[in-house]
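Before any comments, here is the structure.
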């Protein structure tokens with residue numbers, strides 16, 4: 001069994017919003033079989049604290065505007081090195097590129113299937 005369609009939909013909206021803000025290495029991991037607290041981890045990175053903040057703002061705006069969803073919890077905004085947006089069904093991790101390389105969430109969650117996010121890269125350019 002994989003993540004519910006609603007979770008996949010939220011992930012795709014968030015992924016496109018992150019891509020529109022020039023996020024790097026946007027990846028969705030279906031963790032629904034591995035953890036009980038969420039269905040999807042969306043992981044992406046930015047080159048600077050300013051870009052991390054812009055990606056976070058873009059994701060929040062898109063999910064509010066397109067799906068009327070606000071994060072239940074938000075962590076790490078102050079330093080803008082690793083910001084976590086918890087929407088219940090999905091958890092968005094926006095990391096500074098250096099922190100992403102160090103913590104390697106994709107390696108930690110390598111047993112989770114990768115989700116096809118249907119990102120339109122042309123829209124971001």
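The values are calculated or read from the model by the stated rules, or taken from the named source; none is laboratory data. Just so you know, these numbers come straight off a predicted model, no measurement behind them. With ideal geometry, Cβ positions are generated from the backbone for all residues, glycine too; neighbour counts draw on all protein chains shown.
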| task | Return yes when residue 10 is touching a residue at least 60 places away in the same chain (Cβ under 8 Å) and surrounded by 20 or more Cβ atoms within 10 Å (Cβ to Cβ) and no when it is not. | result | yes
| How many of the residues making up the range 1-38 are under 17 Å from residue 87 (Cα atoms) and in contact with a strand residue (DSSP E or B) (Cβ under 6 Å, 6 or more places away or on another chain)? | 13
| query | Which of (1) modelled with pLDDT of 95 or more; (2) surrounded by 15 or more Cβ atoms within 10 Å (Cβ to Cβ); (3) closer than 22 Å to residue 114 by Cβ is the odd one out, the single condition residue 53 does not satisfy? | reply | (3)
| query | For residue 88, all conditions in the list (1) part of a loop (DSSP other than H, G, I, E, B); (2) at pLDDT 95 or above; (3) buried (at least 17 other Cβ atoms within 10 Å of the Cβ) hold save one; what is the number of the exception? | reply | (3)
| query | Looking at the range 91-125, which of its residues are in contact with a helix residue (DSSP H, G or I) (Cβ under 7 Å, 6 or more places away or on another chain) and part of a loop (DSSP other than H, G, I, E, B)? | reply | 117, 118, 119, 120
| query | Given the conditions (1) part of a helix (DSSP H, G or I); (2) crowded, with 19+ Cβ neighbours inside 10 Å, and given that residue 41 satisfies all but one, which numbered condition is not satisfied? | reply | (1)
| Any residue in the range 16-35 that is at pLDDT below 95, touching a helix residue (DSSP H, G or I) at 6+ places or on another chain (Cβ under 7 Å), in a loop (DSSP other than H, G, I, E, B) and at positive phi? | no
| said: So for the range 52-65 (the condition being touching a strand residue (DSSP E or B) at 6+ places or on another chain (Cβ under 9 Å), assigned to a loop (DSSP other than H, G, I, E, B) and within 21 Å of residue 30 (Cβ to Cβ)), does at least one residue qualify? | reply: no
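For (1) modelled with pLDDT under 95; (2) over 14 Å from residue 46 (Cα atoms); (3) out of contact with any strand residue (DSSP E or B) (no Cβ under 9 Å at 6 or more places or on another chain), each residue gets a yes or a no:
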residue	(1), (2), (3)
78	yes, yes, yes
106	yes, yes, no
113	no, yes, no
125	yes, yes, yes
| For residues in the range 57-81 being touching a helix residue (DSSP H, G or I) at 6+ places or on another chain (Cβ under 7 Å) and without any contact (Cβ under 8 Å) to a residue 24 or more places away in the chain, which is surrounded by the most Cβ atoms within 10 Å (Cβ to Cβ)? | 71
